[in-house]
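Right, one structure below, let's go through it.
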Amino acid sequence: MAAGSRYDSVEIASATVPDGAGGSREVRYLRRRAVPDPAAAVPMALHAVAADDRLDLVTARYLGDPTAFWRIADANAALDPDALVGPDAEGALLVIPVPGM
């Protein structure tokens, strides 16, 4: 896994499964990622959501990496990151966590 990715510290496991031709093969997979406690997030900023906000752009603005949207989702206990922004979330405050915390 890439350093700093959300799966960076997730263990790789393997299982042996039938291959459909009478044999078997090994399949490698990532174990489930434990979602951190949102209360443990160290806030860097609060962002008031506007109706036209996009999470990737908010993330790029504060964290410098649009693919790190999962950090904001984790800090705000969001199972659906898209629900954090848009017209239905207008006026909500997003916790922007300190990167790497």
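The values are calculated or read from the model by the stated rules, or taken from the named source; none is laboratory data. On a predicted model such as this, the values are computed, not experimentally measured, just so you know. All Cβ positions, even for glycine, are placed from backbone atoms using ideal geometry, and neighbour counts span all protein chains on display.
Miscellaneous remarks
- Condition met for GLY20 (exposed (fewer than 10 other Cβ atoms within 10 Å of the Cβ) and either within 18 Å of LEU79 (Cβ to Cβ) or modelled with pLDDT under 95 (or both)): yes
- Condition met for ASP65 (in contact with a helix residue (DSSP H, G or I) (Cβ under 7 Å, 6 or more places away or on another chain), modelled with pLDDT of 90 or more and of a type in the set (Asp, Glu)): yes
- The residue pairs whose first member lies in segment 27-42 and is among the β-branched types (Val, Ile, Thr), whose second member is surrounded by 11 or more Cβ atoms within 10 Å (Cβ to Cβ), and whose beta carbons are closer than 7 Å, counting only pairs six or more residues apart or on different chains, are VAL35/ASP74; VAL42/PRO97; VAL42/VAL98; VAL42/MET101.
- The single condition from (1) of a type in the set (Lys, Arg); (2) modelled with pLDDT under 90; (3) surrounded by 14 or more Cβ atoms within 10 Å (Cβ to Cβ) that ARG71 fails is (2).
- For ALA13, the criteria (1) more than 18 Å from the chain's Cα centre (by Cα); (2) part of a loop (DSSP other than H, G, I, E, B); (3) over 17 Å from ASP82 (Cα atoms) hold in every case but one, which is (2).
- Of all residues making up segment 24-43, the number that are exposed (fewer than 12 other Cβ atoms within 10 Å of the Cβ) and in a loop (DSSP other than H, G, I, E, B): 5
- Hey, ALA50 over 18 Å from SER5 (Cα atoms), over 14 Å from the mean Cα position of the chain (by Cα) and among the aliphatic types (A, V, I, L, M) or not: yes
For (1) in a loop (DSSP other than H, G, I, E, B); (2) in contact (Cβ under 8 Å) with a residue 12 or more places away in the chain; (3) in the same structural domain as SER5 (by TED's automatic domain parsing); (4) not small (Gly, Ala, Ser), each residue gets a yes or a no:
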{"residue": "ALA45", "(1), (2), (3), (4)": "no, yes, no, no"}
{"residue": "ASP53", "(1), (2), (3), (4)": "yes, yes, no, yes"}
{"residue": "ASP56", "(1), (2), (3), (4)": "no, yes, no, yes"}
{"residue": "TYR62", "(1), (2), (3), (4)": "no, yes, no, yes"}
{"residue": "THR67", "(1), (2), (3), (4)": "no, no, no, yes"}
{"residue": "TRP70", "(1), (2), (3), (4)": "no, yes, no, yes"}
{"residue": "LEU79", "(1), (2), (3), (4)": "yes, no, no, yes"}
{"residue": "ALA83", "(1), (2), (3), (4)": "no, no, no, no"}
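- Which listed residue is modelled with pLDDT of 90 or more and of a type in the set (A, V, I, L, M, F, W, C), from VAL27, VAL35: VAL27
- Filter result for LEU30 (touching a strand residue (DSSP E or B) at 6+ places or on another chain (Cβ under 9 Å), farther than 18 Å from PHE69 by Cα and not polar (S, T, N, Q)): yes
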